[in-house]
Amino acid sequence: MPNKFILTLLAVVLFNANAFGQKFATHAVKKGETLTSISKKYRVTPATILKFNKEIKANDVLKPNTILVIPKAAETSETSNASSTEMDEEQVAQEEPIGFTSHKVRKKETLTGISKRYNITIDDIKRYNKSLYAAQLKKGMRLKIPKYRRVKPEEVIAINEDDFEMYTVLPKETRWSVAHKYGITIDSVLSLNPQLSKTTDYLAEGEKLKLPKIKGASIADQEIQLYESYTVPPKIGFYRLEQEFGVTAEELMKLNPEIKERGGLKEGMVLRIPKKKVSTGAVNTDNYVFYEVKPKENEFRLTRKLGMSYQDLVQLNPDLKDGLKAGMVLKLPKDRLADYEIKNSLILDKINLADSIDVINRPKIVFLLPFRTDKLDAGNKKTYVNAMQKRVDVKLSLGLYTGALIALDSIASQGISVDVRTYDNQLNLEKTKEILRQENLRDVSAIIGPLDQNSLKEVAVQASNYQVPVVAPHTANSSLSLNNVFFAVPTNGVLRERILDYVEAKRTDENIIIIADSTNKLVKASILKKLPDSKILDVLETKDNISINRDKLNTLLSETQTNWVFVETSNPKLVSSVSSILNSARNRENKEIAIKMFTTNRNKAFDNQVISNVHLSNLNFCYPSFYRQSGSNTFVKAYQERFKTTPDRYAIRGFDITYDLLLKLAYKNNLMEVSNVIGKTEYTGHKFSYENDSTAGYFNTGTYIMMYDDLRIVEVKP
């Protein structure tokens, strides 16, 4: 094992050990407190507080009741390494005033004298009187003098480790719902639990998290209490108050001792009445989603974006009464936000990647594809072309790569410089290992390929040591579990679920029939689970033949309802036979019978030459697909201009996968981080919507519903 790798591994272990050993406290901001005053209380620098609470900025005015995560001073390197002078200078730089006063400059006054008079620095004066940066102090000037809250030594409080508890994650909980439950931000959750992955929002049921206790009780059995003032009207007793506020006489007297002192309730008394804020039980992620408030977002922009009144937002999120703050996690009703894109229970902001690229980013991409230079004789043009046409691996690799080259040209025209390395791994594991030994993965942004499963696993394992994502331009293999791999082609399971959801949503009273051969028993079962009243037509299978009983089919077809027939097979003979019989059955004894044909898996059997496209068109054959045939567009024209031929589906796939990757890396040069906040993207012929399984990788769920119509294949719009 190389020494560099050993050193890297040791560094990672030591870093994690240090992170786990960090001790924290939480602090609820009080009215008038500033970053500086809080830092003095806990004997840390303002920069340290900002480091662990990224949702606040140095110049923010802290809102009351904001929860801050504070590291213990004894274990904070910034505190131990900084001199008191350095800390004072940093605190002064970060401190925000709680108000201002006016000062009229007198004759012979100086900035030094004024600063001493008000116990502030000269820089403080200039900061709020910017004309002094270019002009001298003059008699009669009106200066804006900042006022700061000075903290007395006795106000410093001790950090109590009992302020924290271990929380067990409940089923269906997300980081967003847990953060909302505790009234803290995601950054605070991550600071308190450094073991959590920074590249995924996944939480496992039963996982233990360290979180701040809500004052007074454990989160498991507490309801947070707020109080409101209540003026006692004439002729009212404890019974009426109990009915109105749900509070007993004993509880009222405990909260308001003056009742006992004055001999009972008196007209005009101002009482403190407990008011339930919100139950802190589990948030049902089936009914609610979450939104993280963005920097500089105000009430008007937020309500306009979400289509809800601020009053409705406050009702669901009582903390908003103390003001809107960047980083807050808001709970929102899912049914009112159906048009928004939601991933991992979080509402995603729509980001135009093409308009959001940062030319500072310079991604480094490695292509690992089987061009098979070991098998092709480039010196013999006839055998070379013949071999290319016969070898699927070569055809796929060349298609992907030529499409990728157009994507590289496109991103370069937008000012992004990309460092590219391309290798032929020859579908060989040993060759792949050899390439990895010579390529430094430390500064690689992403790897595209390889195609064979053994090489893909090897590349993913080695790349994971450097948090490098690997984009597989094919569907996932069920035996692979690679958490840094992006599988660009949706699985058959995803496609099946898409078409069944479509049918379920569109169905009214249609008569559904399933025709599935013996190799598709599980598919038949999944259709029945979704559409339990479906009728079954058995497939007749022998060693030499496969068919259906035409008379039996006629008994299952309805003359009054539209018939939706699922055909599940990989045998072209069965597809041909069924589509022909269904086409003939559309007219029976001068009656028109409505029939539409479906499949959950349009495999090669449906492309066979024995299949009549006329029959499929007559039946409006409908199926799910990860690929949409492209028309004439910018990519096709650019491809034709460069390669003097029309791009095939592999070239379109190569362009879409590579362009999607490059745009995301140009936005932020970290694919895993970007994938957590970017929703669906769509290009020439493919959609990308990566869902993260923390143990198995990222899976594309972007699909289309396609249909034969008038001898054309068209997309069925939602």
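The values are calculated or read from the model by the stated rules, or taken from the named source; none is laboratory data. On a predicted model such as this, the values are computed, not experimentally measured, just so you know. Here the Cβ positions follow ideal geometry from the backbone for every residue, glycine too, while neighbour counts run over all protein chains shown. We work out accessible area using only protein heavy atoms, side chains counted, and drop any ligands, DNA or RNA first. Shrake-Rupley method; radii C 1.70, N 1.55, O 1.52, S 1.80 Å.
If we scan segment 490-506, do we find a residue that is over 23 Å from Pro624 (Cβ atoms) and either at pLDDT 95 or above or open to solvent by 70 Å² or more (accessible area, probe 1.4 Å) (or both)? Among the residues of segment 490-506, not one is over 23 Å from Pro624 (Cβ atoms) and either at pLDDT 95 or above or open to solvent by 70 Å² or more (accessible area, probe 1.4 Å) (or both), which makes the answer no.
Does Gln629 satisfy the criteria of being open to solvent by 10 Å² or more (accessible area, probe 1.4 Å), touching a residue at least 60 places away in the same chain (Cβ under 8 Å) and either out of contact with any His (no Cβ under 7 Å at 6 or more places or on another chain) or among the β-branched types (Val, Ile, Thr) (or both)? Judged against the criteria, Gln629 is a match. Those helices (runs of 4 or more DSSP H) of segment 628-718 in which at least 2 residues are closer than 30 Å to Trp176 by Cα, considering only elements entirely within it, cover 649-667, 671-675. Applying the criterion of being touching a Ser or Thr at 6+ places or on another chain (Cβ under 7 Å), among the aliphatic types (A, V, I, L, M) and open to solvent by 10 Å² or more (accessible area, probe 1.4 Å) to the residues of segment 32-72, the residue that is modelled with the lowest pLDDT is Ile67.
So the check is Cβ under 8 Å with 6+ separation or different chains; which pairs have a first residue in segment 234-248 that's outside any loop (DSSP other than H, G, I, E, B) and a second one that's of a type in the set (Lys, Arg)? Between residues of segment 234-248 that are outside any loop (DSSP other than H, G, I, E, B) and residues that are of a type in the set (Lys, Arg), the close pairs are Phe245/Lys275.
Going by what's in this entry, would Ser464 be described as buried (at least 18 other Cβ atoms within 10 Å of the Cβ) and of a type in the set (Gly, Ala, Ser)? No: the conditions fail for Ser464.
Residues in segment 137-162 that are modelled with pLDDT under 75 and more than 21 Å from Lys31 (Cα to Cα): Asn160, Glu161, Asp162.
When Leu671 is tested against the conditions (1) open to solvent by 70 Å² or more (accessible area, probe 1.4 Å); (2) more than 16 Å from Leu396 (Cβ to Cβ), the lone failure is (1). Take the conditions (1) under 25 Å from Glu592 (Cα atoms); (2) open to solvent by 20 Å² or more (accessible area, probe 1.4 Å); (3) of a type outside the set (Lys, Arg); Pro572 misses just one of them, which is (1). Leu540 fulfils the conditions (1) surrounded by 12 or more Cβ atoms within 10 Å (Cβ to Cβ); (2) in contact (Cβ under 8 Å) with a residue 12 or more places away in the chain except for a single criterion, (2).
Within segment 309-342, the residues that satisfy the criterion of being more than 18 Å from the chain's Cα centre (by Cα), over 16 Å from His180 (Cβ atoms) and not in a helix (DSSP H, G or I) are Ser309, Gly323.
Which strands (runs of 3 or more DSSP E) does segment 508-569 wholly contain that include 2 or more residues that are modelled with pLDDT of 95 or more and under 19 Å from His615 (Cβ atoms)?
Ranges flagged: 511-516, 563-568.
Suppose we keep only residues that are in a strand (DSSP E or B) and either under 17 Å from Cys622 (Cα atoms) or touching a strand residue (DSSP E or B) at 6+ places or on another chain (Cβ under 8 Å) (or both) within segment 585-601. Which one would you say is most open to solvent (accessible area, probe 1.4 Å)? Even if it seems obvious, please write down each step before you answer.
So in segment 585-601, the residues in a strand (DSSP E or B) come out as 587-588, 591-592, 595-598.
Applying the additional criterion that residues be either under 17 Å from Cys622 (Cα atoms) or touching a strand residue (DSSP E or B) at 6+ places or on another chain (Cβ under 8 Å) (or both) yields 595-598.
Details: Ile595: 15, Lys596: 38, Met597: 0, Phe598: 2 Å².
Among those that are in a strand (DSSP E or B) and either under 17 Å from Cys622 (Cα atoms) or touching a strand residue (DSSP E or B) at 6+ places or on another chain (Cβ under 8 Å) (or both), it is Lys596.
Being at pLDDT below 75 and crowded, with 18+ Cβ neighbours inside 10 Å is the filter here, so list the residues in segment 163-186 that pass it. Talk me through it step by step, then tell me what you get.
Within segment 163-186, the subset at pLDDT below 75 is 163, 172, 183-186.
Scanning segment 163-186 gives Gly183, Ile184, Thr185, Ile186.
Filtering segment 543-569 down to residues that are open to solvent by 20 Å² or more (accessible area, probe 1.4 Å) and polar (S, T, N, Q), which residue is nearest to Asn520 (Cα to Cα)? This residue is Ser547.
The residues of segment 686-718 that are among the basic types (Lys, Arg) and either at positive phi or surrounded by 14 or more Cβ atoms within 10 Å (Cβ to Cβ) (or both) amount to a single one, Lys687. The set of residues in segment 606-621 being touching a residue at least 60 places away in the same chain (Cβ under 8 Å) and in contact with a Ser or Thr (Cβ under 8 Å, 6 or more places away or on another chain) consists of Leu616, Leu619, Phe621. The residues in segment 436-485 that are of a type in the set (D, E, K, R) and touching a residue at least 60 places away in the same chain (Cβ under 8 Å) can be counted, and the count is 3. Taking segment 327-347, which residues are open to solvent by less than 40 Å² (accessible area, probe 1.4 Å) and either more than 18 Å from Arg301 (Cβ to Cβ) or modelled with pLDDT under 75 (or both)? Answer for segment 327-347, where residues must be open to solvent by less than 40 Å² (accessible area, probe 1.4 Å) and either more than 18 Å from Arg301 (Cβ to Cβ) or modelled with pLDDT under 75 (or both): Lys331, Pro333, Leu337, Lys343, Ser345, Leu346, Ile347. Taken residue by residue, segment 305-318 has at least one member that is open to solvent by 40 Å² or more (accessible area, probe 1.4 Å), closer than 30 Å to Lys331 by Cβ, at pLDDT 80 or above and in contact with an Asp or Glu (Cβ under 7 Å, 6 or more places away or on another chain).
Residue-by-condition table, conditions (1) in contact with a Pro (Cβ under 7 Å, 6 or more places away or on another chain); (2) among the small types (Gly, Ala, Ser); (3) at negative phi:
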residue	(1), (2), (3)
Thr555	no, no, yes
Thr560	no, no, yes
Ala585	no, yes, yes
Asn601	no, no, yes
Asn608	yes, no, yes
His615	no, no, yes
Asn620	no, no, no
Tyr623	no, no, yes
Gln640	no, no, yes
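Residues of segment 200-212 include at least one that is under 30 Å from Asn484 (Cβ atoms), open to solvent by less than 40 Å² (accessible area, probe 1.4 Å), modelled with pLDDT under 75 and not charged (D, E, K, R).
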